[in-house]
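A short worksheet on the structure shown next.
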Amino acid sequence: MNTTPHHVVDVSHLSKTFGDGKTAFRALNDVSLQIKQGRFVSVVGPSGCGKSTLMQMISGLVPTTQGNIQIDGKTITGPQPEKIGVVFQDALLLPWKTALENIEFPLSLGDTPVAERQERARNMLKLVGLKDVGHRYPHELSGGMRQRVAIARGLVRNPSLLLMDEPFGALDEQTRTRMWGELLRIHEQSGTTILFITHSLVESVFLADEVLVMASNPGRIIERIEVDLPRPRDLKLLGSERLGNLRNHIWDLIAKPDDEIDA
Ligand SMILES: Nc1ncnc2c1ncn2[C@@H]1O[C@H](COP(=O)(O)OP(=O)(O)OP(=O)(O)O)[C@@H](O)[C@H]1O
Ligand SMILES: [Mg+2]
């Protein structure tokens, strides 16, 4: 039996140009990446290097200029909400729906029977540790709780892939640290493949199996770093020398001026 995990994400020679003629802007140039099932891959790079553009193309929301994107072996031609869950920086919950109803919402777009929808939404609510506050509206939740509702909503259709674009950027340090623990647990329990964009180098290393480091002008991947920290990850790792060294290495790559990068 072949038990090798397959590539959930296979991006090859992807480029993106915005505009045309004199105003044409090459946002991404020749980006290739593969992610095996169940892996947690983070993406770091300077502001404007094309992280969100890359994620939006993988989600099918933004068309590519060149190259190919396959999810589960099939070329992406448009959004696939049943296969790809998305969590953005702002939770973007529907204010007139409760936490539970927000999580259930993506299922109401398909043909899942109501009873099953509600059960799955309740299970997700439990998974993100919010089972007692499902009746609350977004304005009655804390920022961290709203973000957890957004993660639950991203996972409720049991997607092959969860795309997260700086999901914890707006949170205070304590809440963010707690969310790391939550996300690691959710990743372990759900087995979902995750592509995670962040500005925090520590976060990128602490959560992931692999860190993709990007540079700008044009946006591209300059290094792939395998994170060989043991799982399950413990918060104590945050103070470890190994994590510190990886973080410093990434910082050196990002801090280099563009003309010194030869990748
Ligand atoms: N619709 C668009 N039209 C023209 N240019 C765009 C468009 N979307 C993004 N860009 C440009 O493409 C580049 C990459 O943008 P993107 O949002 O992907 O960067 P990012 O790496 O996510 O940055 P940040 O870390 O600040 O979120 C930027 O220079 C941006 O101005
Ligand atoms: Mg961005």
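Results, tabulated for the structure shown:
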{"read-out": "Any hit, region 75-85, residues being closer than 30 Å to Gln34 by Cα, in contact with a strand residue (DSSP E or B) (Cβ under 6 Å, 6 or more places away or on another chain) and within 16 Å of ligand 1 (Cβ to nearest atom)", "value": "no"}
{"read-out": "Per-region count, region 58-98, residues within 26 Å of Thr17 (Cβ to Cβ) and in a loop (DSSP other than H, G, I, E, B)", "value": "14"}
{"read-out": "Residues of region 218-248 satisfying the condition of being within 16 Å of ligand 2 (Cβ to nearest atom) and at pLDDT below 95", "value": "Pro218"}
{"read-out": "Scope region 16-30; condition in contact (Cβ under 8 Å) with a residue 60 or more places away in the chain and either of a type in the set (Phe, Trp, Tyr) or in contact with a Pro (Cβ under 8 Å, 6 or more places away or on another chain) (or both); matching residues", "value": "Arg26, Ala27, Leu28, Asn29"}
{"read-out": "Val31 in contact with a Leu (Cβ under 8 Å, 6 or more places away or on another chain) and either under 15 Å from Glu166 (Cβ atoms) or surrounded by fewer than 19 Cβ atoms within 10 Å (Cβ to Cβ) (or both)", "value": "no"}
{"read-out": "Matching residues, region 102-117, being surrounded by fewer than 16 Cβ atoms within 10 Å (Cβ to Cβ) and either assigned to a helix (DSSP H, G or I) or modelled with pLDDT under 90 (or both)", "value": "Ser108, Leu109, Gly110, Asp111, Val114, Ala115, Glu116"}
{"read-out": "Helices (runs of 4 or more DSSP H) (entirely within region 129-221) containing at least 1 residues that are under 25 Å from Asp252 (Cα atoms)", "value": "173-190, 201-207"}
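For every residue, the table says whether it meets (1) within 16 Å of ligand 1 (Cβ to nearest atom); (2) at pLDDT below 95.
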| site | (1), (2) |
| --- | --- |
| Asp20 | yes, yes |
| Cys49 | yes, no |
| Thr65 | yes, no |
| Leu100 | no, no |
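The values are calculated or read from the model by the stated rules, or taken from the named source; none is laboratory data. On a predicted model such as this, the values are computed, not experimentally measured, just so you know. Counting neighbours? That spans all protein chains shown, and the Cβs are built from the backbone with ideal geometry, glycine included.
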